Every structure is written in C-alpha cells, then in structure tokens.
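Each remark here refers to the structure printed beneath this line.
The values are calculated or read from the model by the stated rules, or taken from the named source; none is laboratory data. Small disclaimer: the values here were computed from a predicted structure and weren't measured. Neighbour counts are summed over all protein chains in view; Cβ atoms, including those assigned to glycine, are modelled from backbone coordinates with ideal geometry.
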Amino acid sequence: MCGPRGRLEHVTDAADSPVNSDVPELSYEQARDELVRVVTALESGGATLEDSLALWERGNALADRCEEWLQGAKARLDAARTSASTASENPEGADRA
C-alpha cells in the first residue's frame, strides 16, 4: 500500500520500532543527513533482504521526521506572514485625526 508521498507503507509503524525510537528527537538536519546515508546504502544493493527492510523502515521514519519539521516550519512562516499582514493593515500608533 502506498503512503502520502508515494512510499510503500509497512504493516507496522516504523516510527514505533525500538530501532527508530531516537527519530523523534532528531533535528531536521540530523534526520536529513541520515536519510541520505540510508538511501545511499539501499541504492548500493549490498545489503541482505532483512537489512534492506530495516534500512527502508529507518528511512521511512526519517522521511516522516523531516516532513514533520518542514510542516512545522511552514506553519511558523504562515503565522509570521499573517501577523505581518495584519500589522500592515492596522498599524498601531498611526496618527488619528
């Protein structure tokens, strides 16, 4: 079954795996850099099937973590834009006649 970004979904949630228990604590940069290493390892084709599945699950959890960070950053930018727009439409301290 395919997930929201076209990735295959595993029957169990990879983020809940003990191997991936550290993923929620990773910064965006840490998750992204490790995801690059995981993809490189998978593309090399040298891993066993079991190791490849473990790498894929780790990569899936890392991709989800990156997505969380990006969605959070987007929400912060949207809030800042809304705040700036509201401030420019209703400037405080404007001279009133």
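Can you name every residue in region 56-86 that is surrounded by fewer than 11 Cβ atoms within 10 Å (Cβ to Cβ) and either under 24 Å from Pro24 (Cα atoms) or at pLDDT 95 or above (or both)? Correct list: Gln71, Lys74, Ala75, Arg76, Leu77, Asp78, Ala79. For region 46-54, the criterion of a residue being outside any helix (DSSP H, G or I) and polar (S, T, N, Q) is satisfied by at least one position. Could you list all residues from region 15-29 that are surrounded by fewer than 16 Cβ atoms within 10 Å (Cβ to Cβ), modelled with pLDDT of 95 or more and not in a loop (DSSP other than H, G, I, E, B)? Once the filter is applied, which keeps residues that are surrounded by fewer than 16 Cβ atoms within 10 Å (Cβ to Cβ), modelled with pLDDT of 95 or more and not in a loop (DSSP other than H, G, I, E, B), region 15-29 yields Pro24, Glu25, Tyr28, Glu29. Within region 60-74, residues that are closer than 24 Å to Leu42 by Cα and of a type in the set (Asp, Glu) have Cβ atoms under 8 Å from residues that are assigned to a helix (DSSP H, G or I) and modelled with pLDDT of 95 or more in these pairs: Asp64/Val23, counting only partners at least 6 apart in sequence or on another chain. Please verify whether region 1-14 includes one or more residues that are at pLDDT 60 or above, loosely packed, with under 13 Cβ neighbours inside 10 Å and over 20 Å from Ala73 (Cβ atoms). No, region 1-14 contains no residue that is at pLDDT 60 or above, loosely packed, with under 13 Cβ neighbours inside 10 Å and over 20 Å from Ala73 (Cβ atoms). Farther than 15 Å from Val19 by Cα and modelled with pLDDT of 95 or more, is that true of Leu53? It is false that Leu53 is farther than 15 Å from Val19 by Cα and modelled with pLDDT of 95 or more.
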